[in-house]
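The values are calculated or read from the model by the stated rules, or taken from the named source; none is laboratory data. Nothing here was measured: the structure is a model prediction, and the numbers come from that model. No Cβ is skipped: glycine too gets one built from the backbone with ideal geometry, and neighbour counts run over all protein chains shown. Surface accessibility is based on the protein's heavy atoms, side chains included, excluding ligands, DNA and RNA. Shrake-Rupley method; radii C 1.70, N 1.55, O 1.52, S 1.80 Å.
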Amino acid sequence: MLDPNLIRSNPEKVKKGIASKGADPTLVDQFLEIDKKRREVIVTVDDLRHKRKELSQTIGKLIKESKNPEEIKEEVRKIGDLISEKEKELEVLNKEFEEILLSIPNLPHESVPVGKDETENVVLRKEGSIREFKFKPKPHWEIGEYLDIIDFKRATKISGSRFYVLKGLGAKLERALISFMIDFHVEKHGYKEIFPPVLINRASMIGTGQLPKFAEDMYKIEGEDLYLDPTAEVPVTNLHRDEILSEDDLPIKYVAYTPCFRKEAGAAGKDTRGIIRVHQFNKVEMVRFTKSEDSYEHLYELLDNAEDILRALKLPYQIKMMCTGDLGFTAAMKFDPEVYMPAQEKYVEISSVSNFEDFQARRANIRYRTKTNELKYVHTLNGSGLAVGRTMAAILENYQNEDGSVSVPEVLQKYIGIDKIVKA
RNA sequence: GGAGAGGUGGCUGAGCGGUUGAAAGCGCCUGACUCGAAAUCAGGUAGAAGGUAACCCUUCUCGUGGGUUCAAAUCCCACCCUCUCCGCCA
């Protein structure tokens, strides 16, 4: 959430910022109206409670002096009734205040290009070299079925559409990718590995910003206060919810593998073939908690960490900078590395690297104490490193051979034990 | 699931109806001593929401939510969580 004081002192700036993200700028006016009422009632309630406190203490004294306190008791009782009345009013206002604060998106960083939607994102650079095929490259789902390492039909039987089963070397390649990515980030980039739960409570979902606004894209466990993890960002960022860290602890760098579950509501008809858009996929996620002043340095480092995996796998990719309209609810700045898919001759998002500044930290109440005893909100960042299923799809397409086999990228060979996947 | 114990500040831990938002210790900050550090000594140090130009002032918070009372960390009820034992179990 945003700092309420920022909205109060600079409403025009906030309006402009959220409007550039496509949010309704009148949210700011609604906030200011509720905020004003709320503060008025707070003053009233505080005064009444102050009076009650004083009189109650007087009663204590009177009793000690064995004088009759009945008259004052009656007065305090009346004040008490008045207080409960006003408190009810305040409770409603507090709720409205909170709701509206939680529904206002983060402001874009001023250097983010203004744009209305994904068509106005900016490609910053292209990396790696696109292979020239002497034959027509096949899409990954055809390769996967031909090699009998991906089974879509049977996944439909046990679960439904947008699921897939990995078999044999396909399953092993998936495991190899997970291990490779985690080892790489731990050993080369200094992250600490986390293996979190994937059933997550509501408070955590609010902390990172999935709730209350995006409930329709999440799987909820019936009858329990639990949701299926949509990304490791949620459990890992919430590790430090309601904590006060020491400045010496920062930066904290975590890497976690989790399966991710998404309903993909509103994506009907999009990427229906293959393993690009599915309800359950694996992802290795990097999360950082930093001091407020150096989060942007960390953002570029995080982006480079994600790219490092693509470089190691020798996959061609491009870096896209998201414009304001495609930043999403929580990010202040976001880069999407996109991998090249030769069969479709297009780039596909394979990672997403964001700085949330203090937006999540305010929601999740994650602070740190500076050396001079000041309390500040941390900045949180995260980036996929990488989406495992999409990486597998990219490998199948980029490393395919004319005979239908797929070569194994060099860095994965020690994990999978062979250098080529051939039809069994 | 059953029985018992417990949830208090950054941490440990006392308090169990009325200046107790809370003893003590640790940690942290400032100062003294020191060439510097350690040790020692002195002082400071919970968070949030409001009010105020400011010094400061007020309210709320002792797991969460209700209740009793003029007044609740303290008494009562419900729930949540943690620990120990028992049962079940990959």
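What the table shows:
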read-out	value
Cross-link partners of A:Lys420 among aspartates and glutamates (Cα-Cα below 18 Å; sequence separation of 8 or more within a chain)	A:Glu142, A:Glu145, A:Asp148, A:Glu174, A:Glu397, A:Glu402, A:Asp403, A:Glu410
Most to least packed among A:210-220, A:247-257, A:129-139 [average Cβ atoms within 10 Å]	A:247-257, A:210-220, A:129-139
Residue among A:Ser405, A:Ser56, A:Ser20 with the largest mean-square fluctuation in a Gaussian network model of chain A, springs linking Cα atoms under 10 Å	A:Ser56
Largest-first ellipsoid semi-axes for chain A, taking √(5λ) over the Cα gyration tensor eigenvalues, angstrom	52, 22, 21
Estimated [θ] at 222 nm from DSSP helical runs (n ≥ 4, -39500 (n - 2.57)) normalised by residues in chain A, nearest 500	-13500 deg cm²/dmol
Positive-end extreme of charge dipole, the stretch A:118-421 - chosen from A:Ser407, A:Ala232, A:Ile206 (charges on Cβ)	A:Ser407
Residue pairs, from the table A:Lys346/A:Lys414; A:Lys16/A:Lys334; A:Lys116/A:Lys188, whose Cα atoms sit over 28 Å apart	A:Lys346/A:Lys414; A:Lys116/A:Lys188
Most fluctuating residue given options A:Leu299, A:Leu102, A:Leu82, as computed from a GNM of chain A linking Cα atoms under 10 Å	A:Leu82
Loop-located GluC sites (Glu not before Pro) in the stretch A:302-357 whose Cβ has at most 14 other Cβ within 10 Å (DSSP)	A:Glu345
Restraint check, A:Lys95/A:Lys283; A:Lys134/A:Lys314; A:Lys51/A:Lys95; A:Lys213/A:Lys283; A:Lys37/A:Lys64; A:Lys153/A:Lys192, Cα-Cα greater than 31 Å	A:Lys95/A:Lys283; A:Lys37/A:Lys64; A:Lys153/A:Lys192
Share of carbon and sulfur in the accessible heavy-atom surface of chain A [1.4 Å probe, %]	49
